[in-house]
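Read through the structure below, which is laid out as structure tokens, and then see the notes.
The values are calculated or read from the model by the stated rules, or taken from the named source; none is laboratory data. None of these values were measured; they are calculated from a predicted model. Don't worry about glycine lacking a Cβ; one is built from the backbone with ideal geometry, like all the others, and counts go over all protein chains shown.
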Amino acid sequence: MSETAEAGPSPEEPPVVTREPHQWLGAALITPSLLFIGLLFLLPMGMTVWMSFHNWPLLGEPRFIGLENFSELMGDRRFWSSIRFTALYTVLVTSAIFLVAFPLALLVDRPLRIAGFFRTIYFMPVVIGFGAAATLWTWLLNPDNGVFAELLLRSGLVDAAPRPTESFWPALIVVILMVVWKQAGFTMVILLTGLQSVPDDVTEAAKIDGAGPLARFVRVTLPLMRNSIILALVLNVTWSMLAFDQFFIITQGGPRNSTVTAVFSIYLQSFSSYRLGYGSAMSLVLLVILVAISAMQMAIVNFRKAPE
Amino acid sequence: MAGLVLQNLIKQYGTTRVVHGINLEIENEEFVVFVGPSGCGKSTTLRMIAGLEHISGGRIYIGDRVVNRVSPGKRDIAMVFQNYALYPHMSVGENLAFCLQQRGTPRAEIATKVAQAAETLDITSLLDRRPSQLSGGQRQRVAMGRAIVRNPEVFLFDEPLSNLDAKLRVQMRGEIKRLHRLIPTTTVYVTHDQTEAMTMADRVVVMNHGHIEQVGRPLELYEKPATTFVAGFIGSPPMNLLPGTLSGAGDDLGLTLENGTTVALRGKVRAGVEQARSANVVLGVRPEAVGIAAQGPQGVPVPVTLDEVEPLGIETLAYGSIGRTTLCARLAPDVALQAGAPADLFIDTDRAMLFDAETTRALT
Ligand SMILES: Nc1ncnc2c1ncn2[C@@H]1O[C@H](COP(=O)(O)OP(=O)(O)OP(=O)(O)O)[C@@H](O)[C@H]1O
Ligand SMILES: [Mg+2]
């Protein structure tokens, strides 16, 4: 081999004209990412898989129990109802965010300076941490001295301060309101980049072709911003499926554990009941569900893309 | 059937006026080309006709209808954009059908019309493709198909060929003309390329700084440019414009050029000289009216140093300097000239014209 290499390329083989001179450089440049992925994703995931096969109390010896955690999980009504609740929350909150973010994106998509100002305003809550935002809202919602109760009472709309966290739907709606307030700006920005990626002359061509505002939006703008819509959808669905802080802080899972999300129930099993192995098994099941949802979304994208 | 009338058309962005009251009547089925340097307001004018740009003042008539407040879709116009502006997510067929669908044309009729337009432009085999799968020339053809499919009153083109390579541009130029003969429709075509204007137009509108400099048939503009701007814009290479001072009168009438040479003015060039408001004029002479001694000289010799000699095969272009201006001569291909050498270039004043140096208008 080395002989032929030194003698130059043989006549049948096309000569290799260019070769990347610094292959080690490429390797060096991706090392940090590999380290990150390895240390922060692959390693913890491996440990989770390992723990899920054990009875793993917080204190004391872990004991290998094979698939027992998983078989227990299959019949765990509380876990599955938390998954169902998470799915319901995901559908509602994602729809609500789109319903708010889309009009906002359309409103701020103009070349005016004032539009830039509003863009910033709508985006601001996004930079607040979820925990902080949720805590803020618990104060706002406090029936005894919260701002909302005060405003409602003063305006004479209600006689007694509402206590939204004491029944299921009001509790859920309040959390959704909080998340929309906090997250709509982010989706708005993604949709805005989509709107702005539609070439002006294509929109103008549609105007000349006689398409009204609605027809232009449905038949030209929406299809052309499909990638942004899908990105916004995937991110919102993923985040909502992993919801925890907002319910932990605002509703604490109540009333009667009706607002316990999937991650919340993993937390309860792991750190209230100290069943780390069982919690790990739950995490893995949730991971499988998330991967399945993402794969489904990707499949839809690729299917729609195929004719291009 | 409709012509197009622009009446004192004005466009203003804030306080900046970019189109200064244009008046123009375009006949039914006429092919008019707007030509001018970048930023002179051609596109803005075209976009006002299309309804894509708000009209700051004046009126636009399509036929005898004022369309100032009519939306683009209802003006019965079609536009071909510089970057094609095809719908990227639709097939070629869907691109052609879109405007008909928006008008509620029955399905069967859409199919026939699309097939017909595709036939005319020879894009039938491309109907199922996406725009991204087409070459530049094919995209341009589809854009034209989208324009002809609904048989509009007016075609508008905004530099449709500027993204194509030189060869394809010449070919598409012919194609657009052929299309216009086949489907005679009032057409406004915008370009900054004077060759396109000269070869395609029934009438050319030369614009500069938001004004119309001159409107006329291509040869009219070539032979009788109304201003030094038109003279310097039309023709390749354009007309030589030599500033000078008038001297003498009657048979002694002459023009002293920047390098001190006095050129006797004889023949037709003298026609408008009495209109000159001062002695400062500009002599306009086409390169083909400039010769050398070896070719049987016509006119007056002007000594120059040759800066550049360009043998182009079919002809040779020689450039000399007179003061700060360049004098270009269009010569036979076999002349033996050396760049850097002194030579006498002969100006045939009988085929030249004079412009007022101050107003830049032709003296005729
Ligand atoms: N939105 C705007 N605001 C202010 N000025 C503008 C605006 N759009 C165009 N202009 C100005 O109007 C003038 C005419 O522009 P226009 O696009 O009509 O030029 P054009 O003749 O088509 O040039 P080109 O050959 O480069 O396409 C330019 O000087 C331009 O700077
Ligand atoms: Mg332009």
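Only one of A:GLY210, A:GLY156 is touching a Gly at 6+ places or on another chain (Cβ under 6 Å) and not in a helix (DSSP H, G or I). Can you tell me which?
After ruling out the rest, the residue left standing is A:GLY210.
Yes/no matrix, rows are residues, columns are (1) within 15 Å of ligand 1 (Cβ to nearest atom); (2) touching a strand residue (DSSP E or B) at 6+ places or on another chain (Cβ under 7 Å); (3) at pLDDT below 95:
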residue	(1), (2), (3)
B:PRO184	no, no, yes
B:TYR189	yes, yes, no
B:HIS192	yes, yes, yes
B:VAL204	yes, yes, no
B:HIS211	yes, yes, yes
B:VAL215	no, yes, no
B:LEU221	no, yes, yes
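Exactly one residue out of B:ALA2, B:ALA78 is buried (at least 18 other Cβ atoms within 10 Å of the Cβ), at pLDDT below 95, more than 12 Å from ligand 1 (Cβ to nearest atom) and part of a strand (DSSP E or B), and it is B:ALA78. Condition (residue is within 16 Å of ligand 1 (Cβ to nearest atom), away from chain A (no Cβ under 14 Å) and surrounded by 17 or more Cβ atoms within 10 Å (Cβ to Cβ)) applied to region B:150-160: is it met by at least one residue? Checked against the condition, which is being within 16 Å of ligand 1 (Cβ to nearest atom), away from chain A (no Cβ under 14 Å) and surrounded by 17 or more Cβ atoms within 10 Å (Cβ to Cβ), region B:150-160 yields no hits at all. Scanning region B:243-272 for residues that are in a strand (DSSP E or B) and not aliphatic (A, V, I, L, M) turns up B:PRO243, B:GLY244, B:THR245, B:SER247, B:GLY254, B:THR256, B:THR262.
Select from region B:63-78 the residues that are over 18 Å from B:ARG146 (Cβ atoms) and among the aliphatic types (A, V, I, L, M) and write down the one among them that is farthest from the other protein chains (Cβ to nearest Cβ). Residue satisfying both the conditions and the ranking: B:VAL66.
Tell me which of these B:ILE49 doesn't satisfy, since it passes every other one: (1) touching a helix residue (DSSP H, G or I) at 6+ places or on another chain (Cβ under 8 Å); (2) in a helix (DSSP H, G or I); (3) buried (at least 18 other Cβ atoms within 10 Å of the Cβ). Going through the list (1) touching a helix residue (DSSP H, G or I) at 6+ places or on another chain (Cβ under 8 Å); (2) in a helix (DSSP H, G or I); (3) buried (at least 18 other Cβ atoms within 10 Å of the Cβ), B:ILE49 breaks only (1). Against the test of being of a type in the set (A, V, I, L, M, F, W, C) and within 14 Å of chain B (Cβ to nearest Cβ), the options A:VAL202, A:VAL234 yield a single qualifying residue, A:VAL202. Residues in region A:159-207 that are among the aliphatic types (A, V, I, L, M), assigned to a helix (DSSP H, G or I) and touching an Asp or Glu at 6+ places or on another chain (Cβ under 8 Å): A:LEU192, A:LEU195. Which residues, counting only those in region B:10-29, are more than 16 Å from ligand 2 (Cβ to nearest atom), surrounded by 16 or more Cβ atoms within 10 Å (Cβ to Cβ) and within 20 Å of the chain's Cα centre (by Cα)? Passing the criteria: B:HIS20, B:GLY21, B:LEU24, B:ILE26.
Results for (1) at pLDDT 90 or above; (2) hydrophobic (A, V, I, L, M, F, W, C), shown as yes or no for each residue.
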| site | (1), (2) |
| --- | --- |
| A:PRO11 | no, no |
| A:PRO21 | no, no |
| A:TRP24 | no, yes |
| A:ALA28 | no, yes |
| A:PHE53 | no, yes |
| A:GLU68 | no, no |
| A:SER81 | yes, no |
| A:LEU88 | yes, yes |
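Condition test on B:GLY41, is it farther than 13 Å from B:LEU156 by Cα, surrounded by 20 or more Cβ atoms within 10 Å (Cβ to Cβ) and within 15 Å of ligand 2 (Cβ to nearest atom)? So B:GLY41 fits the description; yes. Taking region A:182-217 only, how many residues are within 30 Å of A:ALA134 (Cα to Cα) and buried (at least 18 other Cβ atoms within 10 Å of the Cβ)? The number of residues fulfilling the criteria is 12. In this structure, B:LEU219 does not satisfy being touching a residue at least 12 places away in the same chain (Cβ under 8 Å) and either farther than 30 Å from B:SER278 by Cβ or more than 16 Å from ligand 2 (Cβ to nearest atom) (or both). When region B:98-123 is filtered for residues that are within 14 Å of chain A (Cβ to nearest Cβ), charged (D, E, K, R) and surrounded by fewer than 17 Cβ atoms within 10 Å (Cβ to Cβ), only B:ARG103 remains. Evaluating B:LEU126 against the criteria (1) among the hydrophobic types (A, V, I, L, M, F, W, C); (2) more than 14 Å from chain A (Cβ to nearest Cβ); (3) out of contact with any helix residue (DSSP H, G or I) (no Cβ under 9 Å at 6 or more places or on another chain) leaves one unmet condition, (3). Residues of region B:20-62 that are in contact with a Phe, Trp or Tyr (Cβ under 8 Å, 6 or more places away or on another chain) and either within 14 Å of chain A (Cβ to nearest Cβ) or among the hydrophobic types (A, V, I, L, M, F, W, C) (or both): B:PHE31, B:VAL32, B:VAL33, B:PHE34, B:VAL35, B:LEU46. In region B:338-350, the count of residues that are crowded, with 17+ Cβ neighbours inside 10 Å and not in a strand (DSSP E or B) is one or more.
Among helices (runs of 4 or more DSSP H) entirely within region B:133-242, having at least 1 residues that are under 29 Å from B:ILE347 (Cα atoms) singles out B:194-200, B:218-223, B:228-233.
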